[in-house]
Structures are given as C-alpha cells and as structure tokens.
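The values are calculated or read from the model by the stated rules, or taken from the named source; none is laboratory data. Quantities reported herein were computed from a predicted structural model and do not represent experimental measurements. Here the Cβ positions follow ideal geometry from the backbone for every residue, glycine too, while neighbour counts run over all protein chains shown. Side chains included, ligands, DNA and RNA excluded: accessible areas come from the protein's heavy atoms. Shrake-Rupley method; radii C 1.70, N 1.55, O 1.52, S 1.80 Å.
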There are 2 protein chains.
Amino acid sequence: MDKIERLLRQHHIRPTAIRLLMYKFLHEKNVAVTLNDIESGFDKSERTTLYRTIKTFEKNGLVHQIDDGTGVAKYALDEPENQKGNSQDLHLHFHCTSCNETVCLTDHKIPHISLPKGFVTQDMNLVLKGTCDKCNRK
Amino acid sequence: MDKIERLLRQHHIRPTAIRLLMYKFLHEKNVAVTLNDIESGFDKSERTTLYRTIKTFEKNGLVHQIDDGTGVAKYALDEPENQKGNSQDLHLHFHCTSCNETVCLTDHKIPHISLPKGFVTQDMNLVLKGTCDKCNRK
DNA sequence: AAAAACATGCAACTTAAGTGCATTATTTCC
DNA sequence: GGAAATAATGCACTTAAGTTGCATGTTTTT
Ligand SMILES: [Mn+2]
Ligand SMILES: [Mn+2]
Ligand SMILES: [Zn+2]
Ligand SMILES: [Zn+2]
C-alpha cells in the first residue's frame, strides 16, 4: 500500500515504518483509541515514539484528539472530506459508559449556539454519554 | 453565617470549619476553580482534605465538576434552582483560551440532539472555547 | 561521502488524582 | 457527663498520563 504512503506525504509526514503501521491501525478501528490502545496494538516500538507519532499526525491534520471526559485522550482519523483545510468540522462524539468506547458521529454537527455579548467562539466540544447501539442490543 | 451551615446540612454535609470556608470560597468566585485554585485560596489545610471536601460537595449535589478540555478538573457551585433533585441541568460551559477561565452559562441549555438508532443518551457535555468578554474588552 | 535534518529509544520528570492509615474531632447512646 | 462509635483530617505514599532531554540511528540533501 503506497496509497497510504502518498497520503502521509500529502500531509507532510515522512512515511516511516511505524507511521505506516499506525495509520493502518487507526484506519482499521472504527472507534477512537487511547495511546495505551495503540501501544497494545504493537508488539514492537515504544511509548514515546508512538506518542510523538500520534502528535505528528494530529499537528498535520490527519487525526483529531477527542476529550470524552474519561480523563484520557483519545484519537481518531479525520474523515477524508475534512482533511483538506476544512479545519472546523465540529462533529459530536458519543461515549458509551458501558463498553467505554467513543465514536465520532461525523454527520452530527454541533448546532449553533448563541452566546452572551462579548464572547467569541473558536472551537467547541460536544460529548454525549450513554449506552451505544452495540451495548443496547445485548 | 449559619445560613451556610443550614445549607450544608440540607445536603447532608456536616458543617466543619473547612467546609464552611470552602463553601464561602466557591461562592465568592464566579468562575469554575481547580483543586489548585482552592489550595492557593487557603493558608492552612491540606490538599487531601480539600480534595475530599470538594468530592463530598460533589457527591451531595452542592457542586458540579466541569471538564473543559484543559485536562484539569474544575468545580463550580450548583445554582440554587438546580440543587433540589432537578439533577439534569445540562447547561453549557465556556472556556476562555486567553485567561484560562471557565464559566457556567447556566441559562444556555444544550439543545436536543437526535442520535442514530440504538444510542441512548444519559448525559452531555458541551464546552465552547474562545475568548471571553473580559479578554475581548482589553 | 559528508553534512544536515529528522526519527527513534530510553530514562527521567511533572502533574493531577487517588488510597491507606494513624490521629483528631464530633456524635450517639448509656 | 463519659465511653463507644462514627466521621473528618493530615501525612505519606502510589498510580497513571503526559511530556521532555538527550544519545543514537536513519534518511535526505548537497
Ligand atoms: Mn471525531
Ligand atoms: Mn456549570
Ligand atoms: Zn457500548
Ligand atoms: Zn478570558
């Protein structure tokens, strides 16, 4: 797959072995992952490197960090349509308190909120908590 | 002020010296405070005690914890009208990235969000980030 | 091929949060 | 009122996530 290689280069990320592996890892998941999740997913390689790798991805707009209220940062790949400069893709996130998984609901945008005079919004974070479809089926 | 004393008792919290002081401290502030803020506000008394005190307040519905994305928990007094059992007061919070203060916008409720089938919501957290009125006036 | 720039690995540090346990204060009950 | 029970406090210690410094290894540039 040098498709991924090209993708990384488009984001000005040099495609090293670990970076390719991490991209694949993130791509296979459909839920947001913690640094620990990533670490567990790799036999080899080291915490710090994985940390710096995910931060590189984040800085270059390949993943976004999610703060779901658990106190541990999670990360998920940006959707292709939001990768190119379309910076503010304010979709919401759902955190399941049963299975502890957090997912991007990319087509549920955060509604507009009117604020008191003087406040200027630059960013938003909306997290819904509850039980997810999988857990509710059990 | 045994007005405060009565208030604590109503919440099944025994009004010790530190608890009264902490309540007053929180009451004077109009912004959410971290445990460090509280610690700095007291000459005497100890981290752990303050920690357990704020947790007691939280458990008994006197304060709520706010996760504004800074990675540090903040706390603010519940508004009187929300204290009595009216548990789910889902107001939003504003975090100023300039002065790092976080405020409750108690009369800005989180709008209703429709979710994909199978998801059940129990709780929500909406944080807006930007610059606050005070910072924008400067 | 040498120099420069960048990536990786390992150790160490920082900060917030949380627990165990002994001591002290407050309630309860006789 | 005083002893026993219960709760609050203080201090030490632990955990976990995040982060940085620096030496070494690898890739890119010229
Ligand atoms: Mn997302
Ligand atoms: Mn609030
Ligand atoms: Zn679930
Ligand atoms: Zn401000």
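Looking at (1) more than 16 Å from DNA strand D (Cβ to nearest atom); (2) within 13 Å of the chain's Cα centre (by Cα), which is the only condition A:Ile113 fails?
(2)
With respect to A:Leu90, is the statement that it is more than 16 Å from DNA strand D (Cβ to nearest atom), at pLDDT 95 or above and not acidic (Asp, Glu) true? Before you say what the answer is, go through the steps one by one.
Values: more than 16 Å from DNA strand D (Cβ to nearest atom): yes; at pLDDT 95 or above: no; not acidic (Asp, Glu): yes.
In short, no.
Just to check your reading of the model, which residue among B:Ile4, B:Ile13, B:Ile113 is of a type in the set (A, V, I, L, M, F, W, C), within 16 Å of ligand 1 (Cβ to nearest atom) and open to solvent by less than 30 Å² (accessible area, probe 1.4 Å)?
Numbers: B:Ile4 fails: within 16 Å of ligand 1 (Cβ to nearest atom); B:Ile13 fails: within 16 Å of ligand 1 (Cβ to nearest atom).
Among B:Ile4, B:Ile13, B:Ile113, only B:Ile113 is of a type in the set (A, V, I, L, M, F, W, C), within 16 Å of ligand 1 (Cβ to nearest atom) and open to solvent by less than 30 Å² (accessible area, probe 1.4 Å).
Can you say whether A:Glu58 is touching a strand residue (DSSP E or B) at 6+ places or on another chain (Cβ under 9 Å) and either within 16 Å of ligand 2 (Cβ to nearest atom) or closer than 25 Å to A:His12 by Cβ (or both), as far as the supplied structure shows? Steps first, please.
Working: touching a strand residue (DSSP E or B) at 6+ places or on another chain (Cβ under 9 Å): yes; either within 16 Å of ligand 2 (Cβ to nearest atom) or closer than 25 Å to A:His12 by Cβ (or both): yes.
It is true that A:Glu58 is touching a strand residue (DSSP E or B) at 6+ places or on another chain (Cβ under 9 Å) and either within 16 Å of ligand 2 (Cβ to nearest atom) or closer than 25 Å to A:His12 by Cβ (or both).
Take the residues of the range B:85-107 that are surrounded by fewer than 18 Cβ atoms within 10 Å (Cβ to Cβ) and part of a strand (DSSP E or B): which is nearest to the other protein chains (Cβ to nearest Cβ)?
Of everything passing the filter in the range B:85-107, B:Leu105 is nearest to the other protein chains (Cβ to nearest Cβ).
So which of A:Lys84, A:Lys117, A:Lys134, A:Lys109 ends up being under 19 Å from B:Thr102 (Cβ atoms), more than 16 Å from ligand 2 (Cβ to nearest atom) and either modelled with pLDDT of 95 or more or not polar (S, T, N, Q) (or both)? Full working, then the answer.
Values: A:Lys84 fails: under 19 Å from B:Thr102 (Cβ atoms); A:Lys134 fails: under 19 Å from B:Thr102 (Cβ atoms); A:Lys109 fails: under 19 Å from B:Thr102 (Cβ atoms).
Every option except A:Lys117 fails the conditions.
Which condition from (1) surrounded by 18 or more Cβ atoms within 10 Å (Cβ to Cβ); (2) out of contact with any strand residue (DSSP E or B) (no Cβ under 8 Å at 6 or more places or on another chain) is the one that A:Asp78 breaks?
With respect to (1) surrounded by 18 or more Cβ atoms within 10 Å (Cβ to Cβ); (2) out of contact with any strand residue (DSSP E or B) (no Cβ under 8 Å at 6 or more places or on another chain), A:Asp78 is out only on (2).
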